[in-house]
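Have a look at the structure below before the remarks.
The values are calculated or read from the model by the stated rules, or taken from the named source; none is laboratory data. Small disclaimer: the values here were computed from a predicted structure and weren't measured. Here Cβ is always computed from backbone atoms with ideal geometry, including for glycine, and neighbour counts include all displayed protein chains. Areas reflect the complete protein model, heavy atoms only, side chains present, ligands, DNA and RNA absent. Shrake-Rupley method; radii C 1.70, N 1.55, O 1.52, S 1.80 Å.
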Amino acid sequence: MRIPVRYPAYFLGFFLLGFTQWLGASFDSPTIDQILYHLHYSDGMGIDIGRIFLWTFIMECLAFPLAFAIAVGALHGMALRAAPGGGARGWPAAVGLTLPVLALCAGIVALMAKLSVFSWIGYHFAEDRFARHFVDAGTVQVVPQPGKTKNLVLIYVESMEETYGDRRVWGRDLLEPLRGLGGVSFADYRGAPGTNWTIAGMVATQCGVPLRVVSQHDIKQAFLPGATCLGDILHRHGYRNVFLGGAPLSFAGKGKFLKDHHYDVTFGREEWQQEGVQDRSLGEWGLFDDELYARAKVKLRQLHESGQRFNLTLLTLDMHNPHGFRSPSCIKRGLKSFEDIVECASFQAADFVRFIEQSGYLKDTNVVIMGDHLAVSNPVYDALRKIEKRRIYNQFISQEPLSKSTEAILPFDLYPSILEFIGFTVPEGRLGLGYSAFGGATGTRPAERLDDLVLPSLSGSSSYGRLWDGTQK
């Protein structure tokens, strides 16, 4: 039996509309570059990770569009049969051809608008804005101040933003456990293009540049081989770089980035399983945060006892969209809602810092806690979107007094700021696109840079391209 062409046309149109809605509900406003980036790494995505979004994709992108297409197609057929001449000629035939095409065009336009396709195309013809701000860290003499360097504990808390501390929204400060740890924070830490997902946030804060893949060949060979990043500089000066995360290292090329930039030890889901972690400590995505922190305490003690300078980087996952994950210890604390997950994530990070303090490690170890990016679609996202100024959480903890030079920072600024924070001298306080928030860095501050650093503009940037072809370093 021949299926009238209107049915697949309606289905494709409704599929694109459903896919547009699903993208927004699952990932907020992903860019074309972000989608292309993850497609490059689709072969490394864990099956369990895909299952988290699979059910909503089946329903919103396949089942509902198929049902709508069948219903609308059937009504369309009934209308044609009732029209003069059976709808085979004249205006009924013209309308019959137009409606499925309109549905298909509506789906295409909606998806293009969601992905900002028109702006993406336009920026491919823009000038090299990246080069206007970029300082190649490979050509800058970043050196330790004698007797002043510290170990580094760098904690990326998944999707942590300062907005969760607004009592007017949540009825309480969900970040209260972190408030008593001391240190300093930057009140105006906003996101930037090419930094709004986990690996992009890590690259921005450790390399001072946004993330965009130039070609699949480049990223399969090496991850930003032309960039000099935090791990590279610390390695050069005798630090041991260790990464502990809950999710698979293969996801989004995280493990390759870390390995290619001198992380000596890296742990993700597969490595924890090889270490004999019990299933009760693993969720769909990976190791729960409570178990991650427990194992980080052991690793931190080993690193400190070795006597070698170190950088211990952690990446949590309990607050990850779409629904978050429930560490067993958080469940014991009475966790019921997503707000409780946020509060427990704050408690766990604070508890880890207290462990560092009580162990006496703050004498030679500085701590940075920060969100990897602003939160995306989660159970409380509607409340988050109503807040005009959303800012990424950050906290720098040290026994030494700290003096800020600004309150307004971008993710790129964390790169030189962290180095100065642990006792390195950064000439003019600039690395990559970043300006140190502690030293005397001068120049264009966040608002002005954001106008220049729209992610698609990197497409025409030879300076950015050299970070991928390896000639920059």
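The order of Phe64, Phe288 by accessible area, most exposed first and with a 1.4 Å probe, is Phe64, Phe288. Rolling a 1.4 Å probe over the protein chains gives Asp318 an accessible area of about 0 Å².
Accessible surface for Arg129 stands near 50 Å², nearest 10, in the context of the full protein assembly shown (1.4 Å probe). The stretch 376-428: which GluC sites (Glu not before Pro) are DSSP loop and have at most 15 other beta-carbon atoms within 10 angstrom? Listed in order of number, the matching sites are Glu388, Glu407.
Excluding Leu362 itself, what net charge comes from residues whose Cβ is under 13 Å from its Cβ, given Lys and Arg +1 and Asp and Glu -1? Intermediate results must be reported in sequence, preceding the final value.
Values: positive: Lys150, Arg354, Lys363; negative: Glu357, Asp364, Glu400.
Here the count lands on 0.
Summary value for the stretch 138-229: 17 percent relative contact order, contacts being C-alpha pairs under 8 angstrom separated by 6+ residues.
Suppose R0 equals 25 Å; then what is the FRET efficiency for Asp173 and Glu428 from their Cβ-Cβ distance, rounded to the nearest 0.05?
Working: r = 38 Å, r/R0 = 1.50.
FRET efficiency, Asp173 to Glu428: 0.10.
Remark: the stretch 133-261 carries 32 Å² of accessible area per residue (probe radius 1.4 Å; ligands, DNA and RNA excluded). Net length available on complete extension from Leu102 to Tyr381 is 97.2 nm, with 0.36 nm assigned per residue and the Cα-Cα distance removed. Extension gain for Met59 to Val109 (0.36 nm times residue separation, less C-alpha to C-alpha distance): 15.8 nm. With a simple spin-label model that places each label point 7 Å from the Cα along the Cα-to-Cβ direction, the separation between Ser337 and Glu388 comes to 2.5 nm. Once the chain from Leu402 to Thr139 is taken as fully extended at 0.36 nm per residue, the excess over their C-alpha distance is 91.9 nm. The modelled label-to-label distance between His237 and Ala67, using points 7 Å beyond Cα along the C-beta direction, is 6.0 nm.
Quick check: from the Cα gyration tensor, does the stretch 313-422 come out rounded (a/c under 1.5), prolate or oblate? Write out the running numbers ahead of the final one.
Values: a/c = 2.61, a/b = 1.30, b/c = 2.00.
Oblate shape, in that a/c is at least 1.5 and b/c is the bigger or equal ratio.
Shown here for the stretch 282-381: trypsin sites (Lys or Arg not before Pro) in loop regions (DSSP other than H, G, I, E, B) with at most 16 other Cβ atoms within 10 Å, namely Arg333, Lys336. Rounded to whole Å, give me the distance from the Cα center of the stretch 222-264 to that of the stretch 361-376. The two parts, judged by their Cα centres, are 17 Å apart. Annotation: amide H of Ser159 within the under-5 Å range of Asp372, His373, sequence separation 5 or more or interchain, hydrogens built in the peptide plane. Loop-located GluC sites (Glu not before Pro) in the stretch 212-291 (DSSP state other than H, G, I, E, B) with a sparse environment of at most 16 neighbouring Cβ atoms within 10 Å: Glu275, Glu284.
Rolling a 1.4 Å probe across all protein chains gives Phe134 an accessible area of roughly 40 Å². Normalised by the number of residues in the stretch 228-328, the average gap of Cα pairs under 8 Å and 6 or more apart makes the relative contact order 35 percent.
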